[in-house]
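The structure appears below as C-alpha cells.
The values are calculated or read from the model by the stated rules, or taken from the named source; none is laboratory data. Please read these numbers as outputs of a predicted model, since none were measured by experiment. Backbone-built Cβ (ideal geometry, glycine too); neighbour counts: all protein chains shown.
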Amino acid sequence: MNSTGCSQVSEFRFDPLTGSLALIAEKRRDRPNANFGARDSKKEKPPCPGCHPKLTPPSVMVLPVGAPSDEPGWKVRVVPNKYSCFTVGGENLRFESSQGLYGINDPAGSCEVVFETEHHRHPIHARSDEELRLLMRAMISRYEVAKANPLAKYFFAFKNHGCLAGGTLDHPHFQLYTLPIIPPVIQEQYDRAAQHFNRTGHSLYRDMFSAEVKSGDRLVAVTQHFISYIPFASGMQYEVCIAPKRDSAEFSTMSEAELTDFVRLFRDTFARLCALHPEMAFNVALRTAAIEHIKAPWYCCHVSILPRLTTPGGLEQGISVMVNQVAPEHAAANLRAVAVI
C-alpha cells in the first residue's frame, strides 16, 4: 500500500509541523453504532454485544475464573475489539509518502473491550467493592499480557460514556489499547517530569499531589492510600484526578488494601459527580507509565475523570486553549458538599 491509497489497514500519521499524531483507521466506520445519532435518531439500534456475548469475538478473559463467557454468570468479560485500530500482524513498518514525509504503516498493537458488568445499565456509583475490584483485576491482567509483547510501548485504558464523550456503546465498558509508540503528547509530559526530577531530585507528580493536600482548596476526598482533587489548571468543568499517596509508576503494583481503597474512592467520586450532574457524559483515562519507564522515579500513575459538560469550541479546537467555566476551587467545594452514603 502507499500513503495516498484508501485501505482498511490502519496507519499512524505524524504532522511534521506540530508533531501531533493521527491514527487513520477507516474500518472503524463499520461499527454498528458509529455516528448513530448523526445518521438517524429514530433508527432501531442493533443488539447490544455486551448483553449478547455471541455477537463478540471469543473472550480472552472472564471473571470470576471459570464463569461462562457466553451465558449468564460472568461479571467481567474481555474480548478483542471487533473494529480494532490495529492489525494483529502489524510490524510497525515505516513507509515514505509521496511528499517525502514519514508515517507508520500497519502499526503493531491491539484493542480490547472490557465489559464491566453483565447488566446493561449499572453505573459505577451503584456497584459493589467486589464488582469494581474484578474490573480492576481484569485490566491489570490484560496490562501484564500487553507488557509481555516486545513491540508494545504504551498501554492506555479508557472509558467513553455518552455521545458527547465519544461513546458508541451503551453497555458499560472500558477499552484497552496497546500502542507500538509513546504518543508525542505523553512523551512531552515525560520530558517535563524528567527535567523537574533532574533539577530538584523530586517527582513533579509527587510535588503536585503534596501541594494539593497542603492547600486543600481543590481536594475532594482523602483516604488512607489515595487522594482525589480538581487539577489547578483543569480545562474541563469538574475534572477529577485520583492519585496514590505513594510513588508508583505502574497502576498494576497496587496491593489488595490499596485496590480496595481505590475502588471505594473511584465509586465515591462518581457518586459525587452524578449527584450534581446525573446525566453527564464523561471519559475516564487510566494513566500508567510507558513500558520502558515503569521504574522511572519521576512518574506516578493516576486516573483522570473528565466530565463532558460543555462542547469544545474554536478556542479549544483551534489553539488547544481550554475554557473552564467553573473554577477548580468552586468545583471541589461543590463536590465536597455532596452527602455520599
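Checking Cys300 against (1) part of a loop (DSSP other than H, G, I, E, B); (2) farther than 18 Å from Ser210 by Cβ, which test does it fail?
Result: Cys300 passes all but (2).
Mind checking whether some residue in region 79-102 is at pLDDT 90 or above, assigned to a strand (DSSP E or B) and surrounded by 12 or more Cβ atoms within 10 Å (Cβ to Cβ)? Don't jump to the end; show me each part of the working.
Initial filter on region 79-102 (at pLDDT 90 or above): 79-81.
Pick out the ones that are also assigned to a strand (DSSP E or B) and you get 79-80.
If we keep only those that are surrounded by 12 or more Cβ atoms within 10 Å (Cβ to Cβ) as well, we get 79-80.
Yes, region 79-102 has at least one match.
So which residues in region 232-253 are surrounded by fewer than 22 Cβ atoms within 10 Å (Cβ to Cβ), assigned to a helix (DSSP H, G or I) and either in contact (Cβ under 8 Å) with a residue 40 or more places away in the chain or in contact with a Lys or Arg (Cβ under 6 Å, 6 or more places away or on another chain) (or both)?
If the condition is that a residue be surrounded by fewer than 22 Cβ atoms within 10 Å (Cβ to Cβ), assigned to a helix (DSSP H, G or I) and either in contact (Cβ under 8 Å) with a residue 40 or more places away in the chain or in contact with a Lys or Arg (Cβ under 6 Å, 6 or more places away or on another chain) (or both), then Ser252 is the only one that fits.
Given the residues Ser215, Ser203, which is the only one that is on the phi < 0 side of the Ramachandran plot, surrounded by fewer than 19 Cβ atoms within 10 Å (Cβ to Cβ) and polar (S, T, N, Q)? If you could, list the steps in order and put the result at the bottom.
Values: Ser203 fails: surrounded by fewer than 19 Cβ atoms within 10 Å (Cβ to Cβ).
Just one listed residue meets the conditions, Ser215.
State whether the residues of region 133-147 include one that is surrounded by 18 or more Cβ atoms within 10 Å (Cβ to Cβ), within 29 Å of Phe232 (Cα to Cα) and hydroxyl-bearing (Ser, Thr, Tyr).
No - not one qualifying residue is present in region 133-147.
Among Pro172, Pro183, Pro150, which is surrounded by fewer than 15 Cβ atoms within 10 Å (Cβ to Cβ) and of a type outside the set (Ser, Thr, Tyr)?
Details: Pro172 fails: surrounded by fewer than 15 Cβ atoms within 10 Å (Cβ to Cβ); Pro183 fails: surrounded by fewer than 15 Cβ atoms within 10 Å (Cβ to Cβ).
Result of the check over Pro172, Pro183, Pro150: Pro150.
If you check Arg267 against the conditions, is it closer than 18 Å to Ala221 by Cα, surrounded by 18 or more Cβ atoms within 10 Å (Cβ to Cβ) and either within 19 Å of the chain's Cα centre (by Cα) or of a type outside the set (A, V, I, L, M) (or both)?
It is true that Arg267 is closer than 18 Å to Ala221 by Cα, surrounded by 18 or more Cβ atoms within 10 Å (Cβ to Cβ) and either within 19 Å of the chain's Cα centre (by Cα) or of a type outside the set (A, V, I, L, M) (or both).
Could you tell me which residue of region 58-78 is nearest to Asp129 (Cα to Cα), considering only residues that are surrounded by fewer than 14 Cβ atoms within 10 Å (Cβ to Cβ) and not aliphatic (A, V, I, L, M)? Steps first, please.
Of region 58-78, the ones surrounded by fewer than 14 Cβ atoms within 10 Å (Cβ to Cβ) are 58, 64-66, 68, 71-73.
Narrowing the set further to residues that are not aliphatic (A, V, I, L, M) leaves 58, 64, 66, 68, 71-73.
On the way: Pro58: 27, Pro64: 14, Gly66: 20, Pro68: 22, Glu71: 23, Pro72: 20, Gly73: 18 Å.
By that ranking, first place goes to Pro64.
Would you check if Leu151 is of a type outside the set (Asp, Glu), outside the structural domain of Ala289 (by TED's automatic domain parsing), out of contact with any Asp or Glu (no Cβ under 7 Å at 6 or more places or on another chain) and part of a helix (DSSP H, G or I)?
Details: of a type outside the set (Asp, Glu): yes; outside the structural domain of Ala289 (by TED's automatic domain parsing): yes; out of contact with any Asp or Glu (no Cβ under 7 Å at 6 or more places or on another chain): yes; part of a helix (DSSP H, G or I): no.
Taking the combined requirement at face value, the residue does not satisfy it.
Could you list, in sequence order, the residues of region 254-294 that are of a type in the set (D, E, K, R) and assigned to a helix (DSSP H, G or I)? Write out each step before concluding.
Step one: list which residues in region 254-294 are of a type in the set (D, E, K, R), which gives 256, 258, 261, 264, 267-268, 272, 279, 287, 292.
Glu256, Glu258, Asp261, Arg264, Arg267, Asp268, Arg272, Glu292 - these are the residues of region 254-294 that are of a type in the set (D, E, K, R) and assigned to a helix (DSSP H, G or I).
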